[in-house]
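Take a look at the structure set out below.
The values are calculated or read from the model by the stated rules, or taken from the named source; none is laboratory data. Here the structure is a predicted model, which means the values were calculated and not measured. As a convention, Cβ positions derive from the backbone with ideal geometry for all residues, glycine included, and neighbour counts pool all protein chains shown.
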Amino acid sequence: MHPSTYYHASVTEPFPCSPELAEPIAVDVCVVGGGYTGLSTALHLARQGASVALLEQSRIGDGASGRNGGQVHNGFRHDPRWFESRLGADTAREIWSLGIDARQHLDWLIDTYQIDAQYCPGLLHLCHKRRYVGETRAYVDDIMSRYPNTGLRFVDEEEARSLVSSQNYYGGYLDLRSGHLHALNLALGLARAARQHGAQLYEMSAVTRIARRTPGWEVLTAKGSVRAANVVLAGNGYLRNLQPAVETRVMPINNFVLATEPLGRETAESLIRHRLAVSDSRFVVYYFRITPDDRLLFGGGETYSYQFPKDIAGMVRGHMLRVFPQLHATRIEHAWGGTLAITTSRLPYVREVQPGLFNASGFSGMGIVLAPFAGKAVADAINGDSGAFGLLSRLPVGRFPGGKYLRSPVLVAAMSWYALRDHL
Ligand SMILES: Cc1cc2nc3c(=O)[nH]c(=O)nc-3n(C[C@H](O)[C@H](O)[C@H](O)COP(=O)(O)OP(=O)(O)OC[C@H]3O[C@@H](n4cnc5c(N)ncnc54)[C@H](O)[C@@H]3O)c2cc1C
């Protein structure tokens with residue numbers, strides 16, 4: 001049963017059912033998870049001639065990849081200065097280039113496989129506190145003077161308010177290399193391309209155990225199994241009880257989105273000019289955009305348990321009205337939640353965790369660009385080219401404190417504290 005998302009209601013890519021795995025099979029590589037990471041891994045491996053089986057516990061794109069805000073962000077969660085101070089100027093530059101490669105890889109996927117991603121350029125980052133504007137301007141000036149192809153431009157309060165009809169913002173910057181797209185179409189387009197190259201996709205096939213065999217691995221589901229030389233874990237926030245090395249470093253958080261009724265072209269374009277995507281400076285970020293059929297798609301609000309709140313529409317609507325009180329009479333037609341994954345450093349955890357067992361997850365709200373790229377990096381590493389994988393696997397990612405039982409409450413306490421600061 002699909003969630004009631006705007007994406008499921010507006011999907012245009014083919015959405016065929018894949019079979020459940022119901023027998024023992026053997027392949028070169030088994031991929032666990034049918035989101036951007038797993039689909040891209042499968043696509044690239046199959047393209048390079050490997051035999052691949054992808055196991056998805058639900059349907060393709062039912063995880064974060066078919067439910068997200070659709071915002072195409074460049075680079076990583078931290079700006080280059082963060083990397084410079086921790087990893088040195090040379091590594092920071094390498095990471096900057098990697099971010100550009102990742103962004104170009106997304107364009108390449110969309111163009112090569114003619115994915116109906118409905119990409120729309122331009123992303124505005126807005127400050128919800130006046131005191132953030134000075135540091136934002138300094139950031140943009142500094143990065144533009146030292147790094148190539150930034151695509152950034154500072155936006156003052158007057159321009160911000162002319163671009164977005166809200167009194168909530170005081171300035172920010174425009175990123176012309178970012179934008180927004182149809183999240184589920186992207187996932188389904190990747191699935192189509194992976195199938196086209198011969199990858200075998202299985203749905204409703206939850207992996208319950210992964211066991212070491214000589215040689216390789218055995219991946220078990222309720223009705224079948226896969227023998228493979230290599231296994232790629234691409235379960236992100238949905239992966240549970242399969243691999244402790246991953247679960248101590250990558251933790252799930254839930255985020256929520258709504259889509260209004262169609263607003264009509266004129267109202268939609270006066271709410272956000274040029275159909276820009278917008279994200280703001282809150283710790284629990286508000287992100288929003290206009291869809292091709294003139295709805296406002298608005299994301300905001302986070303929870304940290306395995307259950308979603310009962311009234312998601314009411315919760316997200318409250319956040320939306322803080323930015324756009326003029327929409328108080330607008331109907332909400334879709335509201336849904338999804339689970340993403342974060343790490344302590346907010347950088348992805350891309351590693352060969354045991355020989356032949358790879359993981360790529362923890363994209364912290366930046367997965368539209370990074371997850372497909374990490375999938376390619378893992379596929380290339382399995383094929384002997386560890387260039388991008390080598391750099392990704394050097395990104396620092398520590399364990400969450402608290403051990404198996406306290407990890408979750410410690411995370412909730414920390415996140416709640418930061419979320420509280422949005423209101424101070
Ligand atoms: C509400 C929301 C808004 C977001 N907004 C944005 C945004 O605007 N921009 C952005 O860049 N990122 C955003 N993100 C994050 C982005 O969606 C993710 O980083 C990205 O989709 C991760 O892709 P993935 O393939 O790694 O994980 P997923 O898409 O979550 O895929 C993992 C898959 O693994 C499957 N799985 C897990 N365990 C098993 C198992 N044992 N057996 C079989 N299958 C298994 C799951 O069912 C799932 O389908 C958002 C996320 C959410 C939830």
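Specify which of the listed residues (Q196, Q200) is more than 16 Å from the ligand (Cβ to nearest atom) and over 22 Å from S281 (Cα atoms). Reasoning before the result, please.
Numbers: Q200 fails: more than 16 Å from the ligand (Cβ to nearest atom).
Answer to the check: Q196.
Go through the residues of the range 231-250 one by one and say whether even a single one is small (G, A, S) and assigned to a loop (DSSP other than H, G, I, E, B). Scanning the range 231-250 turns up at least one residue that is small (G, A, S) and assigned to a loop (DSSP other than H, G, I, E, B). Restricting attention to the range 105-120, the residues being surrounded by fewer than 19 Cβ atoms within 10 Å (Cβ to Cβ), touching a residue at least 24 places away in the same chain (Cβ under 8 Å) and assigned to a helix (DSSP H, G or I) number 1. Within the range 90-103, does at least one residue satisfy the condition of being at pLDDT 95 or above, more than 9 Å from the ligand (Cβ to nearest atom), polar (S, T, N, Q) and touching an Asp or Glu at 6+ places or on another chain (Cβ under 7 Å)? No: the range 90-103 contains no residue that is at pLDDT 95 or above, more than 9 Å from the ligand (Cβ to nearest atom), polar (S, T, N, Q) and touching an Asp or Glu at 6+ places or on another chain (Cβ under 7 Å). For A360, the stated conditions do not hold, so it cannot be described as at pLDDT 95 or above, in the same structural domain as N241 (by TED's automatic domain parsing), within 9 Å of the ligand (Cβ to nearest atom) and outside any strand (DSSP E or B). Annotation: A102 fulfils all but one of (1) among the aliphatic types (A, V, I, L, M); (2) buried (at least 20 other Cβ atoms within 10 Å of the Cβ); (3) touching a strand residue (DSSP E or B) at 6+ places or on another chain (Cβ under 9 Å); the unmet one is (3). Among the residues of the range 332-346, those identified as assigned to a strand (DSSP E or B) and not acidic (D, E) are I332, H334, A335, W336, G337, G338, T339, L340, A341, I342.
Of everything listed in (1) within 8 Å of the ligand (Cβ to nearest atom); (2) crowded, with 24+ Cβ neighbours inside 10 Å; (3) under 13 Å from T221 (Cα atoms), the single unmet condition for C30 is (1). Residues in the range 333-365 that are under 18 Å from the mean Cα position of the chain (by Cα), closer than 16 Å to V397 by Cα and aliphatic (A, V, I, L, M): A341, I342, L347, V350, A360. Among the residues that make up the range 223-230, is at least one of them buried (at least 23 other Cβ atoms within 10 Å of the Cβ) and either not polar (S, T, N, Q) or not assigned by TED's automatic domain parsing to the domain that holds G398 (or both)? Scanning the range 223-230 turns up at least one residue that is buried (at least 23 other Cβ atoms within 10 Å of the Cβ) and either not polar (S, T, N, Q) or not assigned by TED's automatic domain parsing to the domain that holds G398 (or both).
Tell me, please, whether a residue that is among the β-branched types (V, I, T) and touching a helix residue (DSSP H, G or I) at 6+ places or on another chain (Cβ under 6 Å) can be found in the range 221-232. Taking every residue of the range 221-232 in turn, at least one turns out to be among the β-branched types (V, I, T) and touching a helix residue (DSSP H, G or I) at 6+ places or on another chain (Cβ under 6 Å). Within the range 88-101, residues that are β-branched (V, I, T) reach partners that are assigned to a helix (DSSP H, G or I) with beta carbons closer than 9 Å, at six or more positions or on different chains, in the pairs T91/F83; T91/E84; T91/L391; I95/P80; I95/F83; I95/L87; I95/L391.
Residues checked against (1) farther than 30 Å from R131 by Cα; (2) crowded, with 23+ Cβ neighbours inside 10 Å; (3) under 17 Å from the mean Cα position of the chain (by Cα):
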| site | (1), (2), (3) |
| --- | --- |
| V232 | yes, yes, no |
| G235 | yes, yes, yes |
| P244 | yes, no, no |
| I253 | no, no, yes |
| A268 | no, no, no |
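Take the range 300-343 and flag every residue that is aliphatic (A, V, I, L, M) and in contact (Cβ under 8 Å) with a residue 24 or more places away in the chain. Answer for the range 300-343, where residues must be aliphatic (A, V, I, L, M) and in contact (Cβ under 8 Å) with a residue 24 or more places away in the chain: I312, A313, M315, V316, M320, V323, L327, I332, A335, L340, A341, I342.
Considering the conditions (1) farther than 25 Å from V72 by Cβ; (2) among the charged types (D, E, K, R); (3) part of a strand (DSSP E or B), E302 is excluded by exactly one of them, (1).
Within the range 1-27, which residues are of a type in the set (D, E) and either within 21 Å of L340 (Cβ to Cβ) or buried (at least 18 other Cβ atoms within 10 Å of the Cβ) (or both)? Steps first, please.
Within the range 1-27, the first condition is being of a type in the set (D, E), and the residues that meet it are 13, 20, 23.
Within the range 1-27, E13 is the sole residue that qualifies.
Kindly establish whether A268 is away from the ligand (no atom under 11 Å from the Cβ), among the small types (G, A, S), under 30 Å from D107 (Cβ atoms) and part of a helix (DSSP H, G or I). So A268 fits the description; yes. Of the residues making up the range 209-243, those that are of a type outside the set (D, E) and free of Cβ contacts under 8 Å to residues at least 60 places away in the same chain are R209, A211, R213, T214, P215, L220, A222, R240, N241.
Test R86 against the stated conditions and say whether it is touching a Phe, Trp or Tyr at 6+ places or on another chain (Cβ under 9 Å) and away from the ligand (no atom under 15 Å from the Cβ). Here the answer is no, as R86 does not meet what is asked. Among the residues of the range 291-303, write down those that are under 19 Å from the mean Cα position of the chain (by Cα) and of a type in the set (A, V, I, L, M). Hit for the range 291-303 is L297, nothing else.
Only a single criterion out of (1) among the aliphatic types (A, V, I, L, M); (2) farther than 30 Å from A381 by Cβ; (3) outside any loop (DSSP other than H, G, I, E, B) is not satisfied by V353, namely (2). Restricting the range 33-78 to residues that are of a type in the set (A, V, I, L, M, F, W, C), assigned to a loop (DSSP other than H, G, I, E, B) and crowded, with 24+ Cβ neighbours inside 10 Å leaves a set whose member that is farthest from the ligand (Cβ to nearest atom) is F76.
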